[in-house]
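Structure first, commentary second.
The values are calculated or read from the model by the stated rules, or taken from the named source; none is laboratory data. Because the structure is a prediction, the values reported are computed rather than measured. Here the Cβ positions follow ideal geometry from the backbone for every residue, glycine too, while neighbour counts run over all protein chains shown. Side chains included, ligands, DNA and RNA excluded: accessible areas come from the protein's heavy atoms. Shrake-Rupley method; radii C 1.70, N 1.55, O 1.52, S 1.80 Å.
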Amino acid sequence: SKMLLGLVNSVLEMSRIESGKSMLQEKSCRPYKVVEDICSLYEERMRHKGLELRCTFSTRTKTVYADETKLGEIFLNLISNAYKYTPSGGRVTIEMEEQETSAPGYATFRTTVSDTGIGMEKDYLPQLFEEFTREKSVTESKITGTGLGMAIVKRLIDMMGGTISVSSTPGKGTTFTVTLTLRIAPEDALPE
């Protein structure tokens, strides 16, 4: 029932995005805090599975205007996949760093989610962000999934004007790199 509910929610999310009904609800938030909270959520699960989790943040700008829910959805999906596709004894590393930007009033954040998991074949990578696609080795290993998560991630990042790239080696792991440029908010703009 959980898998069916996940599938229905993913299909509905894709439908909203494609029909243009999924809009960004930008409010002041702290991007590092969004990722930090997801790391905290997965900390115990990773330890229980025998995975090492490393989360590091190197940001000067604390508060920006962004859709906190959609930002969370992006990184929850990436970190969840790293957890799911990394066997016991592996490592998951999340790093967020602020990069130089020439756009005044904006901050650029580069976040990498890396794992030492099962990895993907190079010829599969161009299809990774398509709907309902899953690599053959993943389906053979009986790891559950809808094949919609990465398509949703890509479309949400596109909506935010950002980029996502991936590099992967079978048996060695995968690294996703998300770059987002977000408008800086005053420190006192955070909601109570």
Could you grab the pairs with beta carbons closer than 6 Å, sequence gap of 6+ or different chains, first residue in region 88-117 and under 19 Å from S168 (Cβ atoms), second one among the basic types (K, R)?
-> T93/R54; T116/R91
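Residues being more than 15 Å from T93 (Cβ to Cβ) and either charged (D, E, K, R) or surrounded by 15 or more Cβ atoms within 10 Å (Cβ to Cβ) (or both): count how many of those fall in region 171-184.
Count: 6.
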Any residue in region 47-57 that is open to solvent by less than 70 Å² (accessible area, probe 1.4 Å), of a type in the set (A, V, I, L, M), within 24 Å of K154 (Cβ to Cβ) and modelled with pLDDT of 95 or more?
-> no
Do the conditions hold for K33, that is, is it under 18 Å from V178 (Cβ atoms) and open to solvent by 70 Å² or more (accessible area, probe 1.4 Å)?
-> yes
Within region 63-79, is there a residue that is over 21 Å from S167 (Cα atoms), open to solvent by 80 Å² or more (accessible area, probe 1.4 Å), modelled with pLDDT of 95 or more and not in a strand (DSSP E or B)?
-> no
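Being among the acidic types (D, E) and at pLDDT below 80 is the filter here; which residues of region 131-173 pass it?
First pass over region 131-173, keeping only residues among the acidic types (D, E): 131, 135, 140, 158.
Within region 131-173, E131, E135, E140 meet the criteria.
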Would you confirm whether any residue within region 13-27 is at pLDDT 90 or above, under 19 Å from E97 (Cβ atoms) and not small (G, A, S)?
-> no
With respect to L5, is the statement that it is modelled with pLDDT under 65 and either assigned to a helix (DSSP H, G or I) or touching a His at 6+ places or on another chain (Cβ under 9 Å) (or both) true?
-> yes
